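Next up is a structure, given as structure tokens.
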Ligand code: CA
């Protein structure tokens with residue numbers, strides 16, 4: 001056990017969940033502070049400045065989304081939503097307010113640990129290379145030349161497909177909502193046309209797959225039903241890819 005692990009703030013009003021999740025995380029050598037309400041969360045946030053926040057949205061004193069907004073006004077500290085509510089609008093609101101990822105309760109603790117690691121990896125490294133290129137597995141986007149390559153071979157994308165890929169590659173290790181994609185790629189006028197996103201993502205996956213990414217293209221942006229897309233990061237991609245098609249990085 002070390003005192004040097006990442007410092008997590010667990011905001012959860014349900015005592016049994018709070019206790020068991022905190023105990024599990026401490027065994028994984030995280031330092032864990034706990035809060036049972038938004039008020040306690042704000043106090044811990046002000047005094048501890050954790051490396052990552054695990055946040056239940058259903059808090060007794062304030063909507064968890066307000067906690068996200070307050071933290072985001074002050075810092076880019078990663079936030080993972082722990083959501084018990086069936087209503088996916090809460091998760092979307094949380095992601096739109098700036099949360100990085102979400103886990104639906106009940107969740108497995110190993111899955112929780114995997115998400116924490118992915119989000120912390122994201123903070124450790126920038127998505128863009130020093131020259132501005134965005135790379136994920138076999139896919140490379142060069143914003144200066146507006147070029148996309150798969151395992152080094154150029155791929156022809158329409159302007160919308162290109163912008164879509166750029167948004168996705170800029171959010172490695174995060175969940176991106178359909179609304180966010182619509183706003184970034186098509187603008188506000190299309191905010192209700194979420195079926196666009198589905199069609200374009202399918203087309204983009206097919207193009208990348210045919211250009212040489214093969215089955216890896218499916219793992220680049222996993223569909224989160226009703227929410228949007230979970231963008232892989234390089235390590236997640238290595239873990240999911242069979243060795244013979246593992247991307248080189
Ligand atoms: Ca709750």
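The values are calculated or read from the model by the stated rules, or taken from the named source; none is laboratory data. Fair warning: this is a prediction, and the values are worked out from it, not measured in the lab. Cβ placement follows ideal geometry from the backbone for every residue including glycine, while neighbour counts extend to all protein chains displayed.
Anything in segment 216-244 that is over 14 Å from residue 136 (Cα atoms) and at pLDDT below 85? List them, or say none.
If the condition is that a residue be over 14 Å from residue 136 (Cα atoms) and at pLDDT below 85, then 242, 243, 244 are the ones that fit.
Of the numbered conditions (1) within 16 Å of the ligand (Cβ to nearest atom); (2) without any contact (Cβ under 8 Å) to a residue 12 or more places away in the chain; (3) assigned to a helix (DSSP H, G or I), residue 94 satisfies every one except a single condition; which is it?
Of (1) within 16 Å of the ligand (Cβ to nearest atom); (2) without any contact (Cβ under 8 Å) to a residue 12 or more places away in the chain; (3) assigned to a helix (DSSP H, G or I), only one is false for residue 94: (2).
Now for a separate question. May I ask you to say which residue of 34, 67 is closer than 17 Å to residue 90 by Cα, at pLDDT 95 or above, within 16 Å of the ligand (Cβ to nearest atom) and in contact with a strand residue (DSSP E or B) (Cβ under 9 Å, 6 or more places away or on another chain)?
On the way: 34 fails: closer than 17 Å to residue 90 by Cα.
Result of the check over 34, 67: 67.
Can I ask one more? Looking at 33, 61, which is the one that is over 19 Å from the mean Cα position of the chain (by Cα) and surrounded by 15 or more Cβ atoms within 10 Å (Cβ to Cβ)?
Values: 61 fails: surrounded by 15 or more Cβ atoms within 10 Å (Cβ to Cβ).
None of the other options fit; the residue is 33.
Looking at 23, 3, which one is modelled with pLDDT under 95 and either away from the ligand (no atom under 15 Å from the Cβ) or under 28 Å from residue 229 (Cα atoms) (or both)?
That would be 3, the only listed residue that is modelled with pLDDT under 95 and either away from the ligand (no atom under 15 Å from the Cβ) or under 28 Å from residue 229 (Cα atoms) (or both).
With respect to residue 53, determine if the residue is touching a strand residue (DSSP E or B) at 6+ places or on another chain (Cβ under 8 Å), crowded, with 17+ Cβ neighbours inside 10 Å and free of Cβ contacts under 8 Å to residues at least 60 places away in the same chain.
yes
Need pairs with beta-carbon distance below 9 Å; first residue closer than 17 Å to residue 47 by Cβ and within segment 72-84, second within 16 Å of the ligand (Cβ to nearest atom); sequence gap 6+ or separate chains.
77/9; 77/53
Could you check how many residues of segment 199-220 are touching a helix residue (DSSP H, G or I) at 6+ places or on another chain (Cβ under 8 Å) and farther than 16 Å from residue 238 by Cβ?
So the count comes out to 9.
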